[in-house]
Amino acid sequence: MHKLIALWSHPRSMSTALERLMRERGDLTCLHEPFMYHYYLGEGRGAFPGFDADPTHPKEYPEIRDMLLAKAEEGPVFFKDMPYYVMPRIADDAAFLKRITHTFLIRHPMAAILSYHKLDPNFSLHEVGLETQWQLYDAVRSDGLPAVVLNAETVRADARAAMAGFWDALGLAWREEAFDWGRAPDDWSGVRAWHEAASTSTGIESVDAEEMLRVELAFEAAVKGGASQLQEYLDYHWSYYDKLSQAALTL
């Protein structure tokens with residue numbers, strides 16, 4: 001039985017860049033949001049703009065779960081996904097919940113919400129994702145299972161130190177080659193419009209000292225410009241972000 005590692009993220013949290021690091025290790029079978037097919041196609045919501053669905057990918061929750069379990073019988077597996085794709089169903093799937101090594105990635109919600117708004121001005125409160133992320137984290141911990149929380153800003157501050165701590169918590173060896181990125185993975189092609197930065201970058205971008213100030217100004221301008229729901233989204237999700245951030249790894 002091999003590791004089955006999940007990175008549970010919220011949209012625009014830098015999760016695709018972290019997935020890229022895990023892929024470039026070279027010792028994991030990596031899947032990109034397999035449960036997206038369940039949420040959008042299996043449950044009949046339809047493909048969103050920029051989602052070019054693979055017709056051969058399983059679309060129902062049990063089929064996707066079983067695909068992941070089968071791959072983990074062959075070797076260690078890492079997948080990145082959104083908790084709102086699978087909650088509350090996965091919380092009631094005790095055997096599968098226990099089979100997974102759970103990790104969570106968070107990013108300052110003002111930055112994540114603003115980034116999401118630029119790509120999809122009509123996204124919903126639910127799709128911010130931090131509420132269901134916290135609910136899944138709480139379900140995992142309530143079952144006595146370990147959970148690793150990583151903050152995107154911590155990774156950007158010092159990617160090697162952050163990943164050293166992350167991999168150590170998962171029992172994974174150091175892989176320097178993870179920081180040397182080649183061409184983008186083929187299975188990102190169906191959602192490439194959403195992951196342009198991670199597809200074209202050669203590594204994690206470091207933190208700009210004035211970046212958060214620019215985010216705050218842009219967020220304020222967007223709210224005043226008519227997107228008043230963004231402030232509502234931020235206020236609603238802040239407590240979930242705060243609770244998860246208190247559990248995050250530190251350098």
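Laboratory data are not the source of any read-out in this text; all were calculated from the coordinates shown. As the structure is a computational prediction, the values presented were derived from the model and not from experiment. Because the Cβ atoms are built from the backbone with ideal geometry, glycine has one as well, and the counts that use them run over all protein chains shown.
Pairs of Lys residues in the chain, spaced 8 or more positions apart or belonging to different chains, with C-alpha separations under 24 angstrom: 14 in total. The label-point distance for Leu119 and Glu232, in a model that sets each label 7 Å from Cα toward Cβ, rounds to 2.3 nm.
According to the square roots a ≥ b ≥ c of the eigenvalues of the Cα gyration tensor, what is the shape class of the range 57-112, taking rounded for a/c under 1.5, prolate for a/b larger than b/c otherwise, and oblate for the remainder? Note, shape of the range 57-112 comes out prolate. Listed peptides 121-128, 6-13 appear in the order 6-13, 121-128 once ranked by packing, highest mean of other Cβ atoms within 10 Å at the front.
Phi angles of the range 223-228 translate, via the Karplus equation with coefficients 6.51, -1.76, 1.60 and θ = phi - 60°, into HN-Hα couplings of 5, 5, x, x, 8, 5 Hz per residue; Gly and Pro are given as x. In terms of its alpha-carbon gyration tensor, the range 4-246 comes out rounded; the largest-to-smallest axis ratio a/c stays below the 1.5 threshold.
Near the amide H of Leu4, within less than 5 Å, lie the amide hydrogens of Val77, Thr101, all on another chain or at least 5 residues away, with H placed in the peptide plane. Across the range 67-104, the residues whose backbone nitrogen lies under 20 Å from the label position 7 Å along the beta-carbon direction of Lys3 are 68-82, 96-104. In this simple spin-label approximation, Arg45 and Leu145 carry label points 7 Å from Cα along the Cα→Cβ vector, and these lie 2.1 nm apart. Work out the FRET efficiency for Trp174 and Lys98 from their Cβ-Cβ distance, taking R0 = 22 Å, and round it to the nearest 0.05. Working from the Cβ atoms, E equals 0.20. Select from Met14, Val148, Leu217 the residue farthest towards the positive end of the dipole of the chain; place +1 on Cβ of Lys and Arg, -1 on Cβ of Asp and Glu, and compute about the Cα centre. Selected residue: Val148. Ranked by the mean number of other Cβ atoms within 10 Å of their residues, highest first, the peptides 136-142, 15-21 come out as 15-21, 136-142.
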